[in-house]
1. Shape call for the stretch 126-237 from the C-alpha gyration tensor, a ≥ b ≥ c root eigenvalues: rounded (a/c under 1.5), prolate (a/b greater than b/c) or oblate?
2. Counting other Cβ atoms within 10 Å, keep those with at most 16, restrict to DSSP loop, and tell me which GluC sites (Glu not before Pro) in the stretch 157-232 are left.
3. What spacing in nm lies between the two simple spin-label points modelled at Leu123 and Gln208, each 7 Å away from Cα in the Cβ direction?
4. Classify the stretch 81-147 as rounded, prolate or oblate from the Cα gyration tensor: take a ≥ b ≥ c as the square roots of its eigenvalues, call it rounded if a/c is under 1.5, otherwise prolate when a/b beats b/c and oblate if not.
5. For the stretch 88-231, with the dipole built from +1 on Lys and Arg beta-carbon atoms and -1 on Asp and Glu ones, taken about the Cα centre, which of Gln95, Ser176, Phe190 lies farthest toward the positive end?
6. Starting from the stretch 100-140, pick out the trypsin sites (Lys or Arg not before Pro) whose DSSP state is loop and whose Cβ has at most 16 other Cβ atoms within 10 Å.
7. Let me check something: with ligands and nucleic acids excluded, how do Phe245, Phe190 order by accessible area (1.4 Å probe), largest to smallest?
8. State, as an integer percentage, the relative contact order of the stretch 112-202 based on alpha-carbon contacts under 8 Å between residues 6 or more apart.
Amino acid sequence: DTMKSPMSLHRYLSLQFALVAALPVVIIAALVWQFLMPQMRTNVGIQHEGLARAIASHVSDHLIGGERQLVAMANSVASLGPHPSSQLYALLDAQCGNGELFETIYIVSDRDKAISSAGLAYLRRPKREDLLGMDLSGRRFIDMARDTGKSVWSETFLSTASSRLAVALTVPMTESVMVGEITFDKLSEFISHLPMEAGLLTMVLDRQGRIVADSQQFRWGQQLSLSALPASVSDGRAPYSSSSFELNGRSLLGTMVDVPELGWKVLVAQPIQNAYK
């Protein structure tokens with residue numbers, strides 16, 4: 001058997017040189033990881049949080065503006081007193097428009113919890129008769145508005161008009177309640193038009209962690225575990241922070257802030273590999 005020849009001097013010196021050359025790189029990488037990465041993460045957190053707060057403000061203004069409109073509509077209808085159904089349909093239809101905010105607005109009688117009148121977005125108006133007389137006694141948000149005497153935002157449910165995921169705003173009236181439904185696809189469309197940097201993902205989540213709006217317009221309705229997401233920053237005194245999490249097999253870095261008026265959250269995130277470029 002031929003014995004292995006010892007390492008040549010040339011190879012030994014080359015290896016030594018490579019180790020000496022690599023040592024500064026390793027030291028610099030360690031210093032970057034220990035000192036610069038936390039600062040970079042903080043900077044990304046500041047950027048994300050500023051954008052998340054701006055979007056949270058837009059979402060809040062959008063929905064609270066819709067609430068004011070619906071309250072004004074309920075007061076207007078109440079002040080009209082008894083009037084022909086066709087006149088009421090026209091008023092409710094006009095408020096729905098093309099469905100930019102409310103897909104449908106309907107009035108539910110306190111007496112039998114059935115829909116007595118309904119307005120719909122333009123393309124859904126031929127389906128009006130399908131809604132009239134529908135029993136909504138199982139819808140908890142209708143009773144909540146009546147019990148509290150003030151407007152109530154619902155949890156996620158299937159739209160009465162289209163069976164799409166939606167949230168509803170209920171406004172109490174004298175002997176009835178007025179309900180306006182907003183679908184997730186419309187909320188997603190709204191936030192997708194807000195100005196934001198390319199490559200950033202923005203999502204709005206309800207109290208249970210369900211995605212009610214997604215800037216990329218395909219994740220809405222997906223249920224997420226809030227414990228697996230970045231902790232939300234509820235006020236400006238909290239430190240700017242971001243943290244990594246997994247979404248559909250992708251590693252993301254994100255920051256989350258609260259929308260206190262609705263109990264929702266806004267999450268801004270981007271792929272980790274893009275965050276520190």
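1. Details: a/c = 2.33, a/b = 1.62, b/c = 1.44.
In terms of gyration-tensor shape, prolate.
2. Working: sites: Glu175, Glu181, Glu189, Glu197; in loops: Glu175, Glu197.
Within the stretch 157-232, the qualifying GluC sites (Glu not before Pro) (loop, at most 16 other Cβ atoms within 10 Å) are Glu175, Glu197.
3. Modelled inter-label distance: 2.7 nm.
4. Values: a/c = 1.77, a/b = 1.45, b/c = 1.22.
Note, shape of the stretch 81-147 comes out prolate.
5. It is Ser176.
6. Numbers: sites: Arg111, Lys113, Arg124, Lys127, Arg128, Arg139, Arg140; in loops: Arg111, Lys113, Arg139.
Counting only loop positions with at most 16 other Cβ atoms within 10 Å, the trypsin sites (Lys or Arg not before Pro) in the stretch 100-140 are Arg111.
7. Numbers: Phe245 10, Phe190 55 Å².
Correct descending sequence by accessible area is Phe190, Phe245.
8. On the way: 105 pairs, mean separation 16.0, N = 91.
So the answer I get is 18 percent.
The values are calculated or read from the model by the stated rules, or taken from the named source; none is laboratory data. Please read all numbers here as calculations on a predicted model, not as lab measurements. As a convention, Cβ positions derive from the backbone with ideal geometry for all residues, glycine included, and neighbour counts pool all protein chains shown. All accessible areas refer to the heavy atoms of the entire protein, side chains included, with ligands and DNA or RNA removed. Shrake-Rupley method; radii C 1.70, N 1.55, O 1.52, S 1.80 Å.
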